[in-house]
Amino acid sequence: MKFYDALGLEPKLALDLDDLKKRFYDRSRQWHPDRFSRANSEEKQRSEEMTSMLNDAFRTLRDPVSRAEYFLRESGLELPKDAPPELLEEVFELNMALEELRGGDESARGQLVSAQERFAAMMGDADASLAGLFAHYDEKPERAMLDQIRATLNRRKYVSNLLRDVEKELNVHSAN
Amino acid sequence: MAYSDKVLDHYNNPRNVGSFDKKDPNVGTGMVGAPECGDVMKLQVKVNPATGVIEDAKFKTFGCGSAIASSSLATEWLRGKTVDEALAIKNTDIVNELSLPPVKIHCSVLAEDAIKAAIDDYKKKSENVGVESKAHA
C-alpha cells in the first residue's frame, strides 16, 4: 500500500502516532523541494511528487477512520452506504424532534440534547471497538475481521452525520 | 432539476401524513432508510382483519420531494387494496406515475420497500394473534 510504503511502514491498522509523525517530518525534510533547487529537472519533479505523496500519506494515516477506510479500499473492499437498520427508529425520532424544534417547539430541545449525548457515546463506542478490531486484525489478518471493521466504520459515519445535524440545530436555536 | 407537476402536488399537499399506534395488532409498520441521501420513511397500513383489505394508510417521510411524493402516492394506492394486491405495487409504477427522473428512482424503491416492510410487519403480527405476544422489538 503506497501510503505505508512512502513512510517506510508495514501495512498495519494500528499505528503509533508519534512514530508516524517523526517519519513524516524526517522524510518531508529529506524530500523538501528547497533541497533540490540546484538539482536537475527530473530530480526536482521527484522531490515534488514525494512531498505531495508524503502529505497525502500522513493526512490519511494519522486519522484512524481515514486510515481504516484507505486500508479497506486497498484490500479491495468497497465501503458500504447502507443506513444501519438498527438505527432507523432512532433516526426517525430524531428527525421528528428536529422538525419540532425548527417549528419553534422548544420542548424538543431536551430530546435533542439527550440524542446528542447518546450519539457522542455511540461514537466513543465505535472508536473503542475499532481500536480493538485493529489490534486483532494486525495480529491475525482475517477477512471476516475486515468486514466487521467495515460495518463499524459505516455505523460510525452514519452516527457522526446525525451528531453533526443535531449540533447544528442546537447551535442555531441557542443563538436566539 | 425540475420536479414534475405530480411530484409538486404531492409535495405541497401530501396525502395521509401521520401515524397509527404501532402496537395495534391491525397496524403494520414499515420503516426504511435510503443509503445515498439519509432519507427515512415510515409507512403504516391499517388492515381490516376480517377482509384483509387495507382500510387506511399513513406515512411520514424525512427526505427530498421525490421521496415524500413517492410515499404519499403509495398511501393513496394502498387504501382499498387487499394485502396481496398491495404487495404487487412496483417501484416502476411509482416512477411512471410521478415521472421520476433516473436520479430519483431510488426514492420509489424506498417506497416499495416501505410497503413490503409494513405488510410484512402486519402479517407477522396477525400470525401471532392468540399467541402470547412477545415483548415488542
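Would you check if there is a residue in the range A:75-86 being more than 14 Å from chain B (Cβ to nearest Cβ), within 22 Å of the chain's Cα centre (by Cα) and either surrounded by 15 or more Cβ atoms within 10 Å (Cβ to Cβ) or among the hydroxyl-bearing types (S, T, Y) (or both)?
Of the residues in the range A:75-86, the ones more than 14 Å from chain B (Cβ to nearest Cβ) are A:75-77.
Filter once more, so that each one left must be within 22 Å of the chain's Cα centre (by Cα): A:75-77.
Those left that are additionally either surrounded by 15 or more Cβ atoms within 10 Å (Cβ to Cβ) or among the hydroxyl-bearing types (S, T, Y) (or both): A:75, A:77.
Within the range A:75-86 (the criterion being more than 14 Å from chain B (Cβ to nearest Cβ), within 22 Å of the chain's Cα centre (by Cα) and either surrounded by 15 or more Cβ atoms within 10 Å (Cβ to Cβ) or among the hydroxyl-bearing types (S, T, Y) (or both)), the answer is yes, since at least one residue qualifies.
Of the helices (runs of 4 or more DSSP H) contained entirely in the range A:15-93, those carrying at least 1 residues that are more than 30 Å from B:D39 (Cα to Cα) and touching a Pro at 6+ places or on another chain (Cβ under 7 Å) fall at A:41-62. Summed over the range B:43-61, the residues that are within 13 Å of another protein chain (Cβ to nearest Cβ) and open to solvent by less than 30 Å² (accessible area, probe 1.4 Å) give a count of 4. Summed over the range A:114-137, residues that are farther than 15 Å from A:L15 by Cβ and of a type in the set (F, W, Y) total 1. Looking at the range A:98-122, which of its residues are more than 16 Å from A:N161 (Cα to Cα) and touching a Leu at 6+ places or on another chain (Cβ under 7 Å)? Result: A:L101, A:A108, A:R109.
Please verify whether A:A115 is surrounded by fewer than 17 Cβ atoms within 10 Å (Cβ to Cβ) and either modelled with pLDDT of 90 or more or part of a helix (DSSP H, G or I) (or both), treating the condition exactly as stated. It is false that A:A115 is surrounded by fewer than 17 Cβ atoms within 10 Å (Cβ to Cβ) and either modelled with pLDDT of 90 or more or part of a helix (DSSP H, G or I) (or both). Determine whether the range B:62-79 contains at least one residue that is within 12 Å of another protein chain (Cβ to nearest Cβ) and not in a helix (DSSP H, G or I). Yes, that holds for at least one residue. The residue of the range A:56-72 that is farthest from the chain's Cα centre (by Cα), among those that are crowded, with 20+ Cβ neighbours inside 10 Å and aliphatic (A, V, I, L, M), is A:A57.
The values are calculated or read from the model by the stated rules, or taken from the named source; none is laboratory data. The shown structure was predicted, so the numbers you read here are calculated from the model rather than taken from an experiment. All Cβ positions, even for glycine, are placed from backbone atoms using ideal geometry, and neighbour counts span all protein chains on display. SASA here: full protein model, heavy atoms, side chains in, ligands and nucleic acids out. Shrake-Rupley method; radii C 1.70, N 1.55, O 1.52, S 1.80 Å.
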